[in-house]
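Colleague: So that we are looking at the same thing, I have put the structure below in structure tokens.
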Amino acid sequence: MAAAVVMLAVGVSFLYVLLGKRPGYRPADAMEWIGALLSVALVASAALLLVLAFRQAGTPSAASAVLVAPGASRPEIQDLTMDTPAEPFPFRRVDDGVRSSLDSLKGKVVLANFWATWCGPCLTEIPELNRLQQKYADRGLVVLSISDEDPATLTAFDESFGLETLSVQVPPGQRLPAPFTTAFEVRPTSFVIDREGRVRRFVLGARSYENFERMIAPHL
């Protein structure tokens, strides 16, 4: 619930900064329109999370703190220890558009987080993931934020809300190798990959900073 309140405050504050002094509260250009729409989406997601929190009278479980793609079933397994190769796949870095691949991060501990700007549970994780990246970057951690949204949308979001993670984009519909094949069907979905390029942990649903810290600690 606290995360939803923070999201709501951030969204409203950004709308005020962006439009508060505009005549008729209308954006002046395309970038302001994008920023306004993202802020409205953030406020709507926060409101929805608050409604769900009040209805459940407590913190939602990992099973409920996810968004399931249309036509996809909710997996029964929410948390799984693994030991399987992290098959590489290509992506484009959001900050500079440079093409790269998952295997370029071999030698690092990677927390691969599949997310979207329209996914409320994903947004609650952003402060936690930023904090994690800041604390453990010098020990070889890379938090990899992976989305299949339009690069312009991701760029605008990053400029507005400041991701500290390595934000990358893959084209919509791009086929991902195992074990990431269904990662975009339920979001957020996260994988811990060790320095040798092997997936060691899979978790489904939004997690706290402490949860993520325990997941990566054995591999740092």
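Colleague: Would you check which residues across the stretch 149-162 are within 25 Å of Thr181 (Cα to Cα) and crowded, with 19+ Cβ neighbours inside 10 Å and list them?
Modeller: Listed by number, the list holds a single entry, Leu154.
Colleague: Also, quick follow-up: Just the residues that are without any contact (Cβ under 8 Å) to a residue 12 or more places away in the chain and of a type in the set (Ser, Thr, Tyr), please, taken from the stretch 173-220.
Modeller: Answer for the stretch 173-220, where residues must be without any contact (Cβ under 8 Å) to a residue 12 or more places away in the chain and of a type in the set (Ser, Thr, Tyr): just Thr181.
Colleague: Being in a helix (DSSP H, G or I), under 21 Å from Ile193 (Cα atoms) and not hydrophobic (A, V, I, L, M, F, W, C) is the filter here; which residues of the stretch 104-126 pass it?
Modeller: Correct list: Ser104, Glu125.
Colleague: Which pairs do you get when a residue that is farther than 20 Å from Glu196 by Cβ and outside the structural domain of Asp103 (by TED's automatic domain parsing), found in the stretch 129-146, comes within reach of a residue that is among the basic types (Lys, Arg) and modelled with pLDDT of 95 or more, reach meaning Cβ atoms under 8 angstrom, with the pair 6+ apart or on two chains?
Modeller: Short answer, once both residue conditions are applied: none.
The values are calculated or read from the model by the stated rules, or taken from the named source; none is laboratory data. Since the structure is predicted, the reported quantities are computational estimates derived from the model, not experimental observations. With ideal geometry, Cβ positions are generated from the backbone for all residues, glycine too; neighbour counts draw on all protein chains shown.
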